[in-house]
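Peer 1: Before we start, here is the structure in question, set down as structure tokens.
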């Protein structure tokens, strides 16, 4: 369990940055080179590569080197991990809100009957 939590923490840490989310949006359309992915951002390539490392360490992306060029791809397993966690949390809160609704209705009915 601690390893799964560490992975989930890394995924949400990676998703917390707008630059990294923009890279993921771009990669959702297909693979891209590090240089091409860095192009829209106003930062030095070494700084951009740090963002890529965070994404790769979290499993949200993976890369393959072909010659001198590194190609990046989206990692769907990590996204599924985040999606499962979010779905579980939504289910918990929906159940709690349903219970709260029932409680409020009981109180309201009790108040009206008195």
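Peer 1: Are there any pairs, at least 6 apart or on different chains, whose C-beta atoms fall under 6 Å, with the first in the stretch 85-114 and closer than 23 Å to residue 5 by Cα and the second part of a helix (DSSP H, G or I), and if so, which?
Peer 2: 85/8
Peer 1: Just to be sure, is residue 56 in contact with a strand residue (DSSP E or B) (Cβ under 9 Å, 6 or more places away or on another chain), within 18 Å of residue 5 (Cα to Cα), surrounded by 11 or more Cβ atoms within 10 Å (Cβ to Cβ) and free of Cβ contacts under 8 Å to residues at least 40 places away in the same chain? Quick ask: steps written out before the conclusion?
Peer 2: Working: in contact with a strand residue (DSSP E or B) (Cβ under 9 Å, 6 or more places away or on another chain): yes; within 18 Å of residue 5 (Cα to Cα): yes; surrounded by 11 or more Cβ atoms within 10 Å (Cβ to Cβ): yes; free of Cβ contacts under 8 Å to residues at least 40 places away in the same chain: yes.
Yes.
All of the numbers you see were taken from the coordinates with simple rules; none came from a lab. Since the model is a prediction, treat every value here as computed from it, not as a measurement. So basically every Cβ, Gly included, is an ideal-geometry build from the backbone, and we count neighbours across all protein chains shown.
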